[in-house]
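Remarks on the structure that follows.
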Amino acid sequence: MKNSLRQEFYKFNYQKTPIYGFLALLVLMIYTLLSGNVNKSMITQAFGAGQWLSIIMITISSTFLTMEYKNNTMITLLYKSSSKLQVYLSKILVMIIYSIFLLVISFVFTLILKAISTGDKFSWIELYGQNTLFSGLILTLIGTFIYLLFTISLAFLLITLFKNNAAVICLGLVIAFLGASLSSVIMDNFPRLIPLIKWNPLNMIYVMNQLNKTPIFSNISHLSNWQLINGNIVYILIFNLLGYLLFKRSRV
């Protein structure tokens, strides 16, 4: 497993994908800063890092796996490995580790952007809702990490299913920008079915914000924090299982 993971890291770095994701995150966070007045909400949301990271990770995750099929290196990879499960898990782990790296970068860059844009205007120990600015930021990043696991798992499942990078990226953009709104519209139009509909996968995106702003978003998602976390975990497990089964049976 260690050798397989090491090889995957080498290929990932060789593609120069990590630097592109890193630069995209910084540019998009700066764009968020410049697109409106900096307030407490923007700070606790890490200058939109959650939304940008979900787009970046679904793009990078799908590209990372697609390149193996596109360059016809998947055959060689599977031939050298004794287990398809090992190959699949190694790729997933590389993406998870990279997402953690980007989350750390977003945290550090949030501190820098906040200091540059507001100075001492907002104190990190100042209350915003039920939390301080700092704890609100941490809760947002924790929720973002949970949703990134969801995103990575979904991207791998869709690539093994369609083997079409453009389709997966487009779907990822739709989910990132319209998923939560679409989920709310569905529940608003079918109120009697809310006990069932609230568990739909599009509703899971609220985990990025609800941990920090529980009273507001729990009324929209109709799920408690723990229900939302557990829902994400269940979908992550389902996506990974289905993704691996498709990967195992696919012809390369």
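Between Met67 and Ile216, full extension at 0.36 nm per residue minus the direct alpha carbon distance yields a gain of 49.5 nm. If you wrap the tightest convex hull around every Cα atom of segment 129-178 and split its volume per residue, you get 80 Å³.
222 nm [θ] for the chain, helices only, -39500 (n - 2.57) per DSSP H run of 4+, per residue, to 500?
Numbers: 13 runs with 191 residues, N = 252.
One gets -24500 deg cm²/dmol as the mean residue ellipticity at 222 nm.
Relative contact order of the chain, please, whole-number percent, based on alpha carbon pairs below 8 angstrom and at least 6 residues apart. Could the numbers behind the result be given before it?
Values: 271 pairs, mean separation 63.9, N = 252.
Result for the chain is 25 percent.
Pairs Lys91/Lys198; Lys114/Lys213; Lys40/Lys213; Lys163/Lys198: which exceed 22 Å Cα-Cα? List each step's numbers first, then the result.
Values: Lys91/Lys198 31 Å; Lys114/Lys213 20 Å; Lys40/Lys213 12 Å; Lys163/Lys198 30 Å.
Listed pairs above 22 Å: Lys91/Lys198; Lys163/Lys198.
Using the alpha carbons alone, the radius of gyration of the chain stands to its Kirkwood radius in an Rg to Rh ratio of 1.00. Our coupling estimate for segment 103-118, obtained by passing each phi through the Karplus curve with A = 6.51, B = -1.76, C = 1.60 and θ = phi - 60°, is 5, 5, 4, 5, 5, 4, 5, 5, 4, 5, 5, 5, 5, 6, 8, 10 Hz, Gly and Pro reported as x. Here the Kirkwood formula, the inverse mean of 1/r across different C-alpha pairs, assigns segment 109-252 a hydrodynamic radius of 16.9 Å. Principal-axis analysis of the Cα atoms of the chain puts helix 165-174 at an angle of about 20° to the longest axis.
Values quoted throughout were computed directly from the atomic coordinates according to the rules given, and no laboratory measurement underlies them. Everything quoted here is computed from the prediction, not taken from an experiment.
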